[in-house]
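Following: one structure in structure tokens, then a few remarks.
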Amino acid sequence: MTKRLLLFSILSIASIACFAQTKIDTAHKKNVPPTWNDERLISSPTTLTVAPGTMEVYFMHRLGSMGTSSNGGFHTLYGFDVASDVLFGFDFGITKRFMLGFCRSKDQELIDVYGKYRLLDQKIGGSPISIAVNADWGITPEDTTTLYNGSSEAESRRSIADRFFYLGQIIIASRIDKHLSLEIVPTLSHRNHVLEIINTNNNTYDENDIPAIGVGGRYMFNKTLGIVADYYYIISSYRTNNPYNNYYNALSCGIELNTGGHVFEINLSNASGLVANNFIPNTTDTWLKGGFKLGFTISRGFNL
């Protein structure tokens, strides 16, 4: 029921936006300034795509938990001794609206190939929102012993398909004024292989498909400095009141610095993973117990 409601909400928002666009006099439409400075907002994609003929190189790093109650504290130098996840990636502008990219992250050794397409642009006198879709395919080359750790599945039933991850997102964003930009990101994460462990508190098993609703925003004080934040509400019965692991929604906030050629971001997050296929199913730290981790992202564009 939850998945159907999520899908209905996505289609309704997109339909209303497209209908509204067709009802406005095209003679008065003008592009608004860019809603975002970068293709991603901490843990979320944005509606921005790389310009054609351009390559964007980016690096992301997330340290360990700072709080003592979350295995941080002085003995890990408040997380500085730990690398929860490290990622590097490349984005390529194919057309004015379409980009392709790939990245590799330390968490689960995940390799992702993804594409983003802008369906609708926000315009003055036109659509009040911009819409893009983001699709991701991932594979983990993890050692078999690690991948199937805790699994009761017979070896004869294991296959290469167990290593595949998929992700689909619709990004709906709006630049409210020259300072504030907001977005909502309905998301569906799919993993081919999950452990068959029952949540005895509600008799549910871990789901292959996990819907989530992401929201994010940025407030720019000037052309250079701003604050950013995003949050993912994760919809999973198995992760509700789980007796084996405490699961939490992912909350991140940070500072964005735009120097023209570079976009640099420093942030705090309770999520260990840097990509949605990792942090949606596996966020087990909470801000309330010091489970927040220091992280940063730096990106640089190059003309090809």
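No value in this document is a laboratory result; all are computed from the given coordinates. Please read these numbers as outputs of a predicted model, since none were measured by experiment. So basically every Cβ, Gly included, is an ideal-geometry build from the backbone, and we count neighbours across all protein chains shown.
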Item to check | Amide H partners (placed H, <5 Å) of residue 94, local residues excluded | outcome: 99, 100
Checklist entry - Once both labels are modelled 7 Å past Cα along the beta-carbon direction, what's the residue 30-residue 224 spacing in nm? => result 2.8 nm
Next on the checklist: Give me the one-decimal nm value for the distance between modelled label points at residue 109 and residue 288, 7 Å along each residue's Cα-to-Cβ direction.
Outcome noted: 3.7 nm
Next on the checklist: Tell me the angle of helix 2-22 to the major Cα principal axis of the chain, expressed in degrees between 0 and 90 and rounded to the nearest ten.
Outcome noted: 10 degrees
Checklist entry - Can you work out ³J(HN,Hα) from phi for every residue in the stretch 191-197, in order, using Karplus 6.51 cos²θ - 1.76 cosθ + 1.60 and θ = phi - 60°, giving whole Hz and x for Gly and Pro? => result 10, 5, 10, 9, 6, 8, 10
Item to check | Rg to Rh, two decimals, where the chain supplies the alpha carbon set and Rh follows Kirkwood | outcome: 0.98
Checklist entry - Under the Karplus relation 6.51 cos²θ - 1.76 cosθ + 1.60, θ = phi - 60°, what is the ordered set of whole-Hz ³J(HN,Hα) values for the stretch 104-113, x standing for Gly and Pro? => result 10, 10, 5, 4, 6, 6, 6, 10, 10, 10
Checklist entry - If each of residue 90 and residue 264 carries a label point 7 Å out from its Cα toward its Cβ, how far apart are those two points in nm? => result 2.5 nm
Item to check | Net charge over other residues, Cβ less than 13 angstrom from the Cβ of residue 101 (K, R count +1; D, E count -1) | outcome: -3
Checklist entry - What residues qualify as long-range amide H neighbours of residue 119, i.e. H under 5 Å apart, gap of 5 or more or another chain, H built at 1.01 Å from N? => result 131, 132, 133
Checklist entry - For residue 32, what charge total do you get from the other residues with a beta carbon under 9 Å from its beta carbon, if Lys and Arg give +1 and Asp and Glu give -1? => result +2
Checklist entry - Out of residues 5 or more away from residue 40 or on other chains, whose amide H comes under 5 Å of its own, with H placed 1.01 Å from N in the peptide plane? => result 46
